[in-house]
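*Asks:* Structure below; questions to follow.
Every number in this text was worked out from the coordinates using simple rules, so none of it is lab data. What you see is a predicted model; the values in this text were computed from it and never measured.
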Amino acid sequence: AAGAGSLAGASVAMNGAGDGVAAVRLANGSTSTVAAARYVSGWAGAAIVASGDILGAPRVGVATNGNAQLAFLETALGHTVLRAARWGGVAWSTPAAIDGPDDTSAFDLTVAADGVAWVVYRGSSFYVNRFDGASWQGYEYLYGGTGAGAPSAVVYGTNGLLAAWSVASTMRVANVAVAAPAVADAGGTGDAASVGGSGGAQQLELRELRK
């Protein structure tokens, strides 16, 4: 990988055509570097995407056409910020902040075949943000409570998203479906249903949001 330091986290993704991206965080004292390498019939040289006070492992996803998204956490001016960079066929874009109204402590990134991407992340609540193929659309509130650990996300169908996270002893699953991808507002309507386990100790909540 490009840069110097000890390996402190890695992520890899591949599309159905066999194109892939691997990203690593290299720690060197108080500074870390995020580097990424692309695989197209062989690994190309790694490029430095970002340097700074970067936390944890980056996450990557690849679309069918080989375009990719990379996200990571960085501490800046006393705050933990979620940033994303995009590979559009020539070079990685400058990482931009894509998180919500407060510090981000954990996240997951997933990319659909057509290049639409989602991040689900945890701050004081759980939030979701969507890349529509051109730009990130802004955060949307998903669920209250800080929970524990990182959320998990996966795309399905046409721009659908399943996200899961835990709050106390409860696992929650959200089904976020975009009926009209061109809609730019962050509002949505939906409903929620839950089923309790024995003694109410276990609970699964399914939530569907449609823009």
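*Asks:* By the gyration tensor of its Cα atoms, with a ≥ b ≥ c the square roots of the eigenvalues, what is the shape of segment 100-172: rounded for a/c under 1.5, prolate for a/b over b/c, or oblate?
*Replies:* Details: a/c = 2.55, a/b = 1.54, b/c = 1.65.
Since a/c reaches 1.5 but b/c is at least a/b, the shape of segment 100-172 is classed as oblate.
*Asks:* Would you give the gap between the C-alpha center of segment 106-147 and the C-alpha center of segment 8-49, rounded to a whole Å?
*Replies:* 21 Å
*Asks:* Using a ≥ b ≥ c from the Cα gyration tensor of segment 1-128 (square roots of the eigenvalues), is it rounded, prolate or oblate, where a/c under 1.5 gives rounded and otherwise the larger of a/b and b/c decides, a/b for prolate?
*Replies:* Working: a/c = 2.17, a/b = 1.23, b/c = 1.76.
Cα axes put segment 1-128 in the oblate bin.
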